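Shown next, in structure tokens, is the structure this report addresses.
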Amino acid sequence: MSLPFKKRVVIIEDDQEIRESFNLIVNSSQRFAVVGAYGNCEDAIAALNRDKPEIVLMDIELPGMNGIKGTQIIRDKNSSTEIIMVTVYEDSDLVFEALKAGASGYITKSANYTELLSALEEIVRGGAPMSSRIARMVIDNYHINPNSPLTKRETTILQLISEGKTYTQISEELFISKETAKTHIKNIYSKLQVNSKSEAIAKANHDKLI
């Protein structure tokens, strides 16, 4: 497909409705054109030499290979390809794993027409598009006390506790069992020498642990 005036975009998204929606949005622009839309990383990677994408819109949770591994492989094969992660998850561990794998930006699936095209424009200008909540998460991570006794996972869980999340909500959000969530929380209490959620949150805020 010869598109001399438009930036070549590949979409990797297993939800057909979202894939088609993004396809329509990107193709409606003057500056971008979809050269391939796939439901998994394996098919997209197999077609890389043909598609020659300049930008990839990449889902994280995919059947088979996940988007983080897919990002790594695509960047290894073509370091100039820019990859924007598109996901429903605003989990700090996933954000940083994606950025370490070579993602250039990170927006949520709730991004509307304008936000999606703005993200593509920003990538072209050399920026790193991120939804405001994700940008805030990245910034907050640098404000955390470097001497915190908590692991990254424990810090994430403590943050969720401070937001009023239940064991069930925490386990669903982080894809862990309720028992694992409870074990993490027990470890957090032990490390912070507290006995309740309110004490843990108070100490975390005082010591800048979240």
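The values are calculated or read from the model by the stated rules, or taken from the named source; none is laboratory data. Quick caveat: nothing in here was measured; it's all calculated off a predicted structure. Cβ atoms come from the backbone with ideal geometry, glycine included; neighbour counts cover every protein chain shown.
The set of residues in segment 137-190 being more than 10 Å from LEU209 (Cα to Cα) and not in a helix (DSSP H, G or I) consists of THR151, GLU163, GLY164, LYS165, THR166, PHE175, ILE176, SER177.
Cβ separations smaller than 8 Å between residues 6+ apart or across chains give the following pairs from segment 138-167 residues that are within 24 Å of ILE107 (Cβ to Cβ) to residues that are modelled with pLDDT under 80 and among the aliphatic types (A, V, I, L, M): VAL138/VAL95; THR155/ILE144.
Residues in segment 1-46 that are of a type in the set (Asp, Glu) and in contact with a Lys or Arg (Cβ under 6 Å, 6 or more places away or on another chain): GLU13 alone. Identification of helices (runs of 4 or more DSSP H) wholly contained in segment 5-67 with 1 or more residues that are closer than 18 Å to TYR106 by Cα yields 16-27, 41-46. Does THR114 satisfy being part of a helix (DSSP H, G or I), of a type outside the set (Asp, Glu) and within 23 Å of the chain's Cα centre (by Cα)? Criteria met by THR114.
Restricted to segment 199-210, and to residues there that are part of a helix (DSSP H, G or I) and surrounded by 11 or more Cβ atoms within 10 Å (Cβ to Cβ), the residue that is farthest from the chain's Cα centre (by Cα) is GLU199. Evaluating ALA47 against the criteria (1) under 22 Å from ARG133 (Cβ atoms); (2) of a type in the set (Gly, Ala, Ser); (3) in contact with a Phe, Trp or Tyr (Cβ under 8 Å, 6 or more places away or on another chain) leaves one unmet condition, (1). Scanning segment 83-103 for residues that are farther than 17 Å from PHE175 by Cβ and surrounded by fewer than 22 Cβ atoms within 10 Å (Cβ to Cβ) yields LEU99, LYS100, ALA101, GLY102. How many residues are part of a strand (DSSP E or B) and at pLDDT below 85 if we restrict to segment 82-95? Residues meeting the conditions: 1. In segment 17-39, the residues that are touching a residue at least 60 places away in the same chain (Cβ under 8 Å) reach residues that are of a type in the set (Lys, Arg) and in a loop (DSSP other than H, G, I, E, B) with C-beta atoms within less than 9 angstrom, at least six apart or across chains, in these pairs: ILE18/LYS109; SER29/LYS6; ARG31/LYS6; PHE32/LYS6.
Scanning segment 188-198 for residues that are touching a helix residue (DSSP H, G or I) at 6+ places or on another chain (Cβ under 9 Å), surrounded by fewer than 20 Cβ atoms within 10 Å (Cβ to Cβ) and not aromatic (Phe, Trp, Tyr) returns LYS191, GLN193, VAL194, ASN195, SER196, LYS197. Looking only at segment 71-79, decide whether some residue is buried (at least 22 other Cβ atoms within 10 Å of the Cβ), under 23 Å from ALA135 (Cβ atoms) and touching a residue at least 24 places away in the same chain (Cβ under 8 Å). Among the residues of segment 71-79, at least one is buried (at least 22 other Cβ atoms within 10 Å of the Cβ), under 23 Å from ALA135 (Cβ atoms) and touching a residue at least 24 places away in the same chain (Cβ under 8 Å), which makes the answer yes.
Here's the yes/no breakdown for (1) touching a helix residue (DSSP H, G or I) at 6+ places or on another chain (Cβ under 8 Å); (2) among the aromatic types (Phe, Trp, Tyr); (3) outside any helix (DSSP H, G or I):
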| position | (1), (2), (3) |
| --- | --- |
| GLY70 | yes, no, no |
| ILE73 | yes, no, no |
| SER80 | no, no, yes |
| GLU97 | yes, no, no |
| ALA103 | yes, no, yes |
